[in-house]
1. Please pick out the residue among Ser331, Ser302, Ser324 that is in contact with a strand residue (DSSP E or B) (Cβ under 7 Å, 6 or more places away or on another chain) and closer than 22 Å to Pro356 by Cβ.
2. Any residue in segment 538-550 that is within 15 Å of Asn469 (Cβ to Cβ) sitting within a Cβ distance under 8 Å of a residue that is assigned to a loop (DSSP other than H, G, I, E, B) and acidic (Asp, Glu)? List the pairs, counting only those 6 or more apart or interchain.
3. Have a look at His282, His260 and point out the one that is in contact with a Leu (Cβ under 9 Å, 6 or more places away or on another chain), more than 23 Å from Ile145 (Cβ to Cβ) and either touching a residue at least 12 places away in the same chain (Cβ under 8 Å) or surrounded by fewer than 17 Cβ atoms within 10 Å (Cβ to Cβ) (or both).
4. From the list Ala555, Ala623, Ala612, which one is under 24 Å from Ile647 (Cα atoms), in contact with a Gly (Cβ under 9 Å, 6 or more places away or on another chain) and hydrophobic (A, V, I, L, M, F, W, C)?
5. State the number of residues belonging to segment 636-676 that are farther than 17 Å from Pro356 by Cα and either outside any strand (DSSP E or B) or of a type in the set (Ser, Thr, Tyr) (or both).
6. For segment 365-374, state whether one or more residues are among the charged types (D, E, K, R), in contact with a strand residue (DSSP E or B) (Cβ under 7 Å, 6 or more places away or on another chain) and either surrounded by 23 or more Cβ atoms within 10 Å (Cβ to Cβ) or at negative phi (or both).
7. Is segment 171-188 home to any residue that is of a type in the set (Val, Ile, Thr) and not in a strand (DSSP E or B)?
8. Out of the residues in segment 139-150 that are more than 14 Å from Leu246 (Cβ to Cβ) and either at pLDDT below 95 or out of contact with any Lys or Arg (no Cβ under 6 Å at 6 or more places or on another chain) (or both), state the one that is surrounded by the most Cβ atoms within 10 Å (Cβ to Cβ).
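The values are calculated or read from the model by the stated rules, or taken from the named source; none is laboratory data. Nothing here was measured: the structure is a model prediction, and the numbers come from that model. Please note: Cβ atoms are built from the backbone with ideal geometry, for glycine as well, and neighbour counts cover all protein chains shown.
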Amino acid sequence: MKVFYSFILAVMCFNLHAQDLSKSPWHIQANNIDPNNYYGITVANGMVGMVSSPDPLKVEEVILNGVYDYYQRGRVSNILKSFSHMNMHLEVDKRQIDRNSISNYAQTLDMQKAKLVTTFDVGNKVSVRHELMSLRNLPYTAMSIIEITARADVEVVPINYIFTPNHLSDVRNLYSEIDRPHVLIPLMSSVAFSPGKKKLATSTSFIFPEKHGEEPKIIHEDWDYNMHLMKFKKQLKKGETYRFALVGSTISSVHNADPHNEAERLTIYAKLEGIKRLESAHINAWKKLWESDVRIEGDLESQRAVRSAIYHLYSFARKGTAYSLSPMGLSGLGYNGHVFWDTELWMYPPLLVLQPEIAKSLLEYRFERLGAAKENAFAHGYDGAMYPWESAEDGSEDTPVWALTGPFQQHISATVGWAFWKYFEVTGDVEWLRTRGYPVLKEVADFWSSRVERKGNGRYEINNVIGANEWEENIDNNAFTNGMVKTVLEYASKAAEKLDLDPDPDWRHVAANIPILKFPDGTTKENETYNGVTIKQADVNLLSYPLKIVSEPDAIKRDLNYYEPRLSPDGPAMGGAILAVLYARLGEEEKSYQMFRKSYIPNELPPFKVIAETAGGTNPYFATGAGGMLQSVIFGIGGLDITENGIIQLNTKLPKKWKSLKMTGIGVKKQEFERK
C-alpha cells in the first residue's frame, strides 16, 4: 500500500510540472531557464504591471501606470516603479529556498487566462505551484495563488514581504488585524512618497482556504526602513496539498486622494471576495477581451507570436481611463514610460479594430492634454496645438534636452489628429466627434496652417524637422511629415462638415500646396536633401500605408524597391511590418509573410520570446513592435482596411503555410472576417 501511495504521489507531482503545452496556441513555456539570460514576461491589467523573475516566488519589478516623477533619470520624468508587494519567500523545514535549492523550475504564461504559472520542487519535500495574476476585474489589485504539495511530512513557512524602492522616502510600514465574526483580516501596508511628494500606498493580505480548519496565526516582522513581512507556519502531512492566496493592492495620490486608506479598502475587498470569485471574475474579463482575436490555422509559431502581441497590448491598456501606451508598455522603465507617436501610429490601429473602447482611452489621454499642446505651440510661435514628442503626466514636452526629437519631430501632432479621425471612421460616434474628436482636429489643423512656410503655389513647405526616419535630422519637406499633414488637414475639414460646421478654407488650401517630393524616375524622395543613405525605419513607404497618398500599385512597388534595401537591419521592428502590409496588398503574399516574420523573430529574447526593439536588443517588451507586427497580419495578410465607410476587407491572399486566418470581434459591431 505504501509503494502504491508513493507511486500516486509521484504521478501527481509529475502532472504538476510536466503538463505538455507545447502544442497549445495559448501558452508560452519557459523551460531550462537560465537566470543569466532571462528576460521576463509581464502580467498586467492596464494599471499594475508585474515583470517575472528567474527566482522562485519573486516579481522583478512593479510598474504603476499614470504616475510619473523625476528620479534616477536626470532632468525628465519617469513612470513610477512602485512597491514590490507581491514577492514571497518560502521556508521548508526551517530553510529558506532560493534558485540553488530547487529543481524542475519552469514557468508558463497562460495568455488566455492572463496568468503566469511557475512550478518547482524543493528536494524530496514539497512541490510548489505559483499562479500570478494582475486582476483584470480590479485595476489596482494583484493575486497569487500558491499550492504546496507535501512529498514528505514537512513544515512550511510562506512569507510575504513588501520592499520599498530606494527612490521612495518617508516610508511607513504598518500591520493590523481586523477582527470580524468568522474571519480575521491580516493587513500589511506600506506608505511612502516619491521625490515629487506623490503619495504611494500598498497593502497585502492572505486568503486562506474557506473550509480547512483554523486559520494560521500571522507573524509580522518589521526588518528595516525598506522592508517588512508577514508569515505563517503550516505543518503538512505527506501527500497533502495546501492552497492559499496572496492579494495586494497598490495605488497613488494621482489615482485617489487618499491612497493609504484606498489601498487597504481594496485589499480587504479582495480578501473577502475570496480566491474563487476573484479568479473567476479575472478569467471572465479576459474571456470577454479574447472575443476579439486573430486565429491562424496551420502555423502554430505564428499563432502564438500573434497572440503574445495581442496579449501584451491588452495587458498594457484598459478602457474607461485616460492613460496611453509607452513603447515598453508596463514591462519596465524603458523610454521613461513616456508616450510617443508609437501609440497612435503603431499600437493604436490594432487596438482600434480589436478593442475600440481601449483605443478610446488612448485618445482620451491626448484630449485631456490638449491645453498643454496648445501651450507648446504658443511657446514655439505657432497657433493651435503642438503635441510633444515625449509626453508624460501633464502633457508638456518631456524629451531629454540632448535629443533633438523633442522640438523637431513634429509629425506627431498630425499623427494624433489622424488617429482621432480613424476612431470616428470605425465607430461613427458623432457625439464623440463633437466633444472630443473635432476639438483636437481643429487645433492640430490650425497648428499646421501656421507652421507651413508659404513660398508660392505648390511650395507650402515644412522645413527643419525630423521625420519618421530619425537618422535624418533637421531636414526639409520630409515625405511622411508632409503626407501626414496633408491628410490631417483634410480630416479636420471632413470633421467640421460632419458636424455641420464650416471648415476653415485655409486648411484645404494649405494641404493642396504641400509638396511630396520625387526623384526624376518618380520614386518618392524622403526629404529635400536625401541621397540614398541607409534609413532607420520606414518613412516614404508610410505614404502608401496607412496614408494612401501613394496609391497606384506601380508607384507603391517603385518606392518599395528603392527603400527596402536601404532599411537598416539595426533599426526597430516596425519598418518590416509596414512593408509586409504593402506586399500583401500588392498580392505578394509570400513576400509579405517573409517580412512579417522578419518584423519579430530576430528580436525575440529567451525564455518567453518577448520582443526587443531591435535584433540583438535587450529592452523588452517592445509594444511598438507588437503593434507593427499585428498590423502586418490584420491590415496586410488579413486585408482589413479602415475607411470612411467603416472597416472593410480587401482582396488579399494567405501565405502557403497558413490554412486559414480568422479575425473575430472586429469593430463596434463585433464582426468576423476570414481568409482561407
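1. Step by step, each of Ser331, Ser302, Ser324 is checked, and only Ser324 is in contact with a strand residue (DSSP E or B) (Cβ under 7 Å, 6 or more places away or on another chain) and closer than 22 Å to Pro356 by Cβ.
2. What qualifies is Asp539/Glu526; Val540/Glu526.
3. Every option except His260 fails the conditions.
4. Ala623
5. Number of matching residues: 16.
6. Yes, there is a match, as at least one residue in segment 365-374 is among the charged types (D, E, K, R), in contact with a strand residue (DSSP E or B) (Cβ under 7 Å, 6 or more places away or on another chain) and either surrounded by 23 or more Cβ atoms within 10 Å (Cβ to Cβ) or at negative phi (or both).
7. Here is the first cut: in segment 171-188, the ones of a type in the set (Val, Ile, Thr) are 171, 178, 183, 185.
Restricting the remaining residues to those that are not in a strand (DSSP E or B) gives none.
Checked against the condition, which is being of a type in the set (Val, Ile, Thr) and not in a strand (DSSP E or B), segment 171-188 yields no hits at all.
8. Looking at residues that are more than 14 Å from Leu246 (Cβ to Cβ) and either at pLDDT below 95 or out of contact with any Lys or Arg (no Cβ under 6 Å at 6 or more places or on another chain) (or both), I get Tyr140.
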